[in-house]
1. Work out, step by step, the length gained on full extension between Ser99 and Phe566: first 0.36 nm times the residue separation, then minus their alpha carbon distance; give nm to one decimal.
2. Give me log10 I(q)/I(0) at q = 0.12, 0.14, 0.21, 0.23 Å⁻¹ for region 112-230, Debye formula, one equal scatterer per alpha-carbon, no solvent.
3. As a test, work out the antiparallel percent of DSSP beta bridges whose residues both lie in the chain, rounded to the nearest 5.
4. Please list the non-local residues whose amide H lies under 5 Å from the amide H of Gly626, H modeled 1.01 Å from N, same-chain partners needing a gap of 5 or more.
5. Which value in nm describes the separation of the simple spin-label points at Gln679 and Ala520, placed 7 Å from the Cα toward the beta carbon?
6. So for the chain, what are the equivalent ellipsoid semi-axes in whole Å, largest first, each being the square root of 5 times an eigenvalue of the Cα gyration tensor?
7. When Lys and Arg each count +1 and Asp and Glu each count -1, what net charge do the other residues less than 14 Å away from Ala526, Cβ to Cβ, add up to?
8. Could you grab the relative contact order for the chain? Cα pairs under 8 Å, six or more apart, rounded to a whole percent.
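All of the numbers you see were taken from the coordinates with simple rules; none came from a lab. Predicted model, so just to flag it, every value in this text is computed and none were measured. Don't worry about glycine lacking a Cβ; one is built from the backbone with ideal geometry, like all the others, and counts go over all protein chains shown.
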Amino acid sequence: MKRILILLFSLLSLSVMAQDVTLRQDNIDEVLSQLSLEEKATLVVGAGYKSMLAGFLGFRVPVPGAAGMTQAVPRLGIPAIVLSDGPAGVRIEPRRRGSKETFYCTGFPIGSLLSSTWNTELVEKVGAAIGHEALEYGVDVLLAPGMNIQRNPLCGRNFEYFSEDPLLSGKTAAAYVRGVQSQGVGTSVKHFAANNQETNRFWNDSQVADEPLREIYLRNFEIAVRESQPWTVMASYNRLNGVHTQEDPWLLTDVLRKEWGFEGLVMTDWTGKRNTAAQIAAGCDLMEPGNKSQTKELVKKVRSGELSEASLDLCVRRVLELVVKTPTFKGYKPSLKPHLEADAAVAREAAEEGIVLLKNAGGTLPMAAGTTVALFGVGSYQLLAGGTGSGHVHRPYVVNLDEGLAAEGMQVEAALSGLYRRHIEKNPPKKTLTSGMLGSPGSPEMPLSRTTVEKAAEGAGMALVTLSRQTGEGGDRHLEDDFLLTNAEKRMLLDVSEVFHGQGKRVVVVLNVGGVVETASWKHLADAIVLAWQPGQEGGNALARILSGSVCPSGRLPVTFPADYFHLPSSANFPYDYSGPGSMAGGSAKYNDVKNVGYTVYEEGMDVGYRFFDKPGAPAVSFPFGFGLSYTTFEVSGPVYAGDQVSVTVTNIGKVAGKEVVIVKDPVLRAFGKTRLLQPGESQTLNLIIQDYETRTD
Ligand code: BGC
């Protein structure tokens, strides 16, 4: 009897103890020991599509429009945390069931523009503003930055990425991560790795030799990991040298963790299911968005001995380590009221620094005060602030160029504006099933007669032509009518240039694009060319302030503009105009049909971007990597090397205040920096550190 009583007593106290265990930052081992196998398998599998579809289907979730969540284990005090896209701002639904309020997020400039600033402090400031919005809207981890190398201009997601160069890409990403994480919100650098095209994206095999893989396609991730320790990394959809990155122990454990010292969690990219046990064994800790079959598979495979429980425990531990860092775990109550006004100012500042002046013959820009400008191109009245897909942001507004010019006191030719406005009213952006959620491309270009151009010239002292491009995830760009101008655009440029030049008036072209376009064949038609990229919601203001001279341009190209697409060595192995299996162009492909087919050989090896075009005998480019003009002139002395330091002194010898980018390349990019705003006559010495990332090949 006494023994039975003792047994009962200990069972009772054990169950009381078990109930007492609640997750804290310092008891992860204990919590791990209390989890059942089923609970462990639940924690490494996300909560499904509910939050992503909530705005659409009205589910009640903490953050409608968030891309995903983890699952909770309430009995141990483990909450579900919220994961939401970036990168150009927080992507959540602006409307919630049961609320009349709107919850917009600031639309920041795209990745290619951020890297064009060459200003990591500014990128960090952008990151902090985005992180603050994430925090105040209840998001724990921002699924950004996107940082794949811009291997080929036709990649449909280049707009989300930073550069053709790994140092610029890695440093920019690290700054973005530091900014977001300074707010107590995590990031997920993506898509790890060699995810440089969208065609057949779920299955494509990127076949990359060791040297370019290490020196280019992994190096930028390495820099971001070592210099900012992101809370999470997102493993890509594609395969790398035959193995799905999400199932690759070499990539996710040996390189990422053991070699680079990554301390965080790896999650999958969304959609689709791989071999879940293989993912866990490789060190891929969290399946997103997750479905129940994955949990079942894990339980079964641990029971049958196909997967060791120790591997699962390791992933669960990483999930718990992530959870305890989050605002949700810490009980933060989101205000739903971020500082949208202050953040809009940051978005504008970034846009102003990342816009690149590509051509400025005879001081065409800045525009003389009082000039009336004839604005051609739909994009002049409907600026494309960002791309579509998961990179789309529900922003409160977009400032158009005509509005920005008006704010700067510039006159816009009214009759032409009226025509464009009516055209846009009649041809609004196409609404599709997903456009509310993922954004939609702009209105089609307006057909333009020669007479319209002539009439506009009568009332204007200058012409400005905006050329616009937009892409999003799931498809690559086409060569015709996308990289190359359309026939209508060529006609418009020819007519505008003939008519305006015929009257001694200047022509400015604004490129409102997400990626590189062909410029060599038409750039002689323009007196000035301004690369605005997709500059975020404040784009029209930023652009107008550059055009008017209120801001001196200081952006530089993060990517080469080749004279001809086929000069790019990667053009031999990039599936442009692909519409075969796996293409999402028609939106109807069945991905399983193409399982295990499709590959891209990175035959060009190290010949990516300027690494190729700088070689003797390589074809001339239209605009080189690092190029960008200013309204002032700088004298640069140096570089002077001292150990791992290099110093460069910049003096503004021109007439207006401006910032200068310093690029140290020998022959590849070694260091870069940006001066503060230098007044005429003022100097600044930048001391830059040259980081040499050793490549280990063992
Ligand atoms: C994209 C990711 C994104 C995820 C969640 C995927 O299709 O590739 O970049 O974070 O969806 O929206």
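1. Between Ser99 and Phe566, full extension yields 162.8 nm more.
2. -0.41, -0.55, -1.11, -1.26
3. 45 percent
4. Residues meeting the criterion, in which the H sits 1.01 Å from N, are Leu557, Val559.
5. Placing both labels 7 Å beyond Cα along the Cβ direction yields 4.5 nm.
6. Here the semi-axes work out to 46, 27, 25 Å.
7. So the environment of Ala526 carries a net charge of 0.
8. Averaging sequence separation for qualifying contacts and normalising by length gives 16 percent for the chain.
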